[in-house]
Amino acid sequence: MDISLQKSSERKQRYNGILDYLKKCDKKNMSASDLEELNQNIKNNDEIHKEGAAAMEEIRNNNAESLMDAHVLKKFHEVVSNVLLVNSEFNETVYANALKSLINQGRNSDWNVLGEIATNVSRSLQIKTSMLGAADVEPKERALKGRQKRCQKRLAREQRPENVGKLQQKERCAQKVNILLRQLNSLFKANNYEPIPFYKLIIDPNNFMNTVENAFQMSFLVRDGNIAIERGEDLYPQVRIARMSEMESITDTTQAICSLSIEFCEDMIRLYGIKEPMIHLPNSFDDDESLESDHEDM
């Protein structure tokens, strides 16, 4: 038999014992020993209730035990209430009859007698109040204002930039992008304008943050059409100079995601044998002229 079910059965038997005691209990004439026995049974019921509360999940699945607990509490309430009523000096019936006899001294009921007694024993508080109710105030008439007509604003005529090339030229004025573009021109010129592996170009073997910065700045050159990124023979991306025909024919941009991690960069360093970074971008622009190439732009 399950232990939880066995404990629940024992609690039910103890509940039945308390119910048998309450049925035999004389509610009117109770001695001191009877009151002590009643108090002990109340304590026993509290212990059973605490045991059931500790096994809350068990009680939720056992409605019979919950009903017995509620029934025992109700019976205890009836017995204790009657004991207090019998042994107490205050009686509701006697009190009500005394009020009736005081008020009904004549033919008609006179509640003023009770008011005079209450006035002598009570202390009035000095407060300012009005028993006349709120003053009558005529509501002000609200003048209805005519709804003003909304004047629709004329939409401004859509204007497109006359020369898109000027906007692109302004975007390329960022100093880091210009420095990177000059360095790439020198690198491609030294490499006979052959494509250069993308990761070999951006990776700084000594500083991972510089690698991320180089990849970020390269994205602006790709966006502006200065360079092109394509798949190389080793299936990794490679970078080359974009041709003028490609820049004029391709108007839509293509977005690609490059995932970089330290472990991946270490693999690329071993693959391409990278010893020194190919790109050198300044952290500040106080001495940026020393990093700019003297070669002419393509």
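The values are calculated or read from the model by the stated rules, or taken from the named source; none is laboratory data. All values reported here derive from a predicted model rather than from experimental measurement. FYI the Cβ positions are ideal-geometry reconstructions off the backbone, even for glycines, and counts take in every protein chain you see. Keep in mind that these areas ignore ligands, DNA and RNA; they rest on the heavy atoms of the full protein, side chains included. Shrake-Rupley method; radii C 1.70, N 1.55, O 1.52, S 1.80 Å.
Structure above, values below:
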{"quantity": "Residue list for the range 4-35, restricted to those being within 16 Å of residue 77 (Cα to Cα) and either within 55 Å of the chain's Cα centre (by Cα) or loosely packed, with under 12 Cβ neighbours inside 10 Å (or both)", "calculated": "15, 18, 19, 20, 21, 22, 23, 24, 26, 28"}
{"quantity": "Tally of residues being exposed (fewer than 11 other Cβ atoms within 10 Å of the Cβ) and at pLDDT below 75 across the range 65-106", "calculated": "7"}
{"quantity": "Close pairs (6 angstrom Cβ cut-off, 6 or more residues apart or separate chains): farther than 14 Å from residue 206 by Cβ in the range 263-283, among the aliphatic types (A, V, I, L, M) and modelled with pLDDT under 90 anywhere", "calculated": "282/291"}
{"quantity": "Those residues of the range 200-226 which are over 12 Å from residue 279 (Cα atoms), surrounded by 18 or more Cβ atoms within 10 Å (Cβ to Cβ) and hydrophobic (A, V, I, L, M, F, W, C), in sequence order", "calculated": "221"}
{"quantity": "Selection status of residue 137, loosely packed, with under 10 Cβ neighbours inside 10 Å and either modelled with pLDDT under 75 or under 30 Å from residue 44 (Cβ atoms) (or both)", "calculated": "yes"}
{"quantity": "Test set (1) among the polar types (S, T, N, Q); (2) open to solvent by 100 Å² or more (accessible area, probe 1.4 Å); (3) modelled with pLDDT of 65 or more - residue 126 fails condition number", "calculated": "(3)"}
